[in-house]
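Report on one structure; see the data block that follows.
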Amino acid sequence: MKLDRKKYELARARACMGQKDLVAAGIPKGTLCGVLRGNIEARPETVGKIAKALGVDVTEIIETEN
């Protein structure tokens, strides 16, 4: 799964969370950086953890195909 960077950043801003907060929530920093750069595709459970930490539904932060 791919994160939509703009949607992710909006969700992070709404939640007033920084990268350190997400790492503290259990998302490895290397994984988070790789997913945001587009170097790796995130596993569904990783996207779920990110969404849960941000307090949003997964569909709010993933790229959707039109």
Practice prompt. Select from the stretch 1-42 the residues that are part of a helix (DSSP H, G or I) and among the acidic types (Asp, Glu) and list them in ascending order.
Written response: GLU9, ASP21
Worksheet, complete the sentence: Scanning the stretch 1-24 residue by residue, the ones that are closer than 17 Å to GLU60 by Cα and loosely packed, with under 13 Cβ neighbours inside 10 Å total 4
Discussion item. Please go through (1) open to solvent by less than 60 Å² (accessible area, probe 1.4 Å); (2) within 12 Å of MET1 (Cα to Cα) for GLU65 and return the number of the only condition it doesn't satisfy.
Written reply: (1)
Worksheet item: Is there any pair with a first residue in the stretch 21-32 that is farther than 15 Å from GLU45 by Cβ and a second that is of a type in the set (Val, Ile, Thr) whose Cβ atoms are under 6 Å apart and which are 6 or more apart or on different chains, and what are they?
Response: LYS29/VAL23
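The values are calculated or read from the model by the stated rules, or taken from the named source; none is laboratory data. In this text the structure is predicted, and so the values were computed from the model without any measurement. Please note: Cβ atoms are built from the backbone with ideal geometry, for glycine as well, and neighbour counts cover all protein chains shown. The area values use the complete protein model at the heavy-atom level, side chains included, leaving out ligands, DNA and RNA. Shrake-Rupley method; radii C 1.70, N 1.55, O 1.52, S 1.80 Å.
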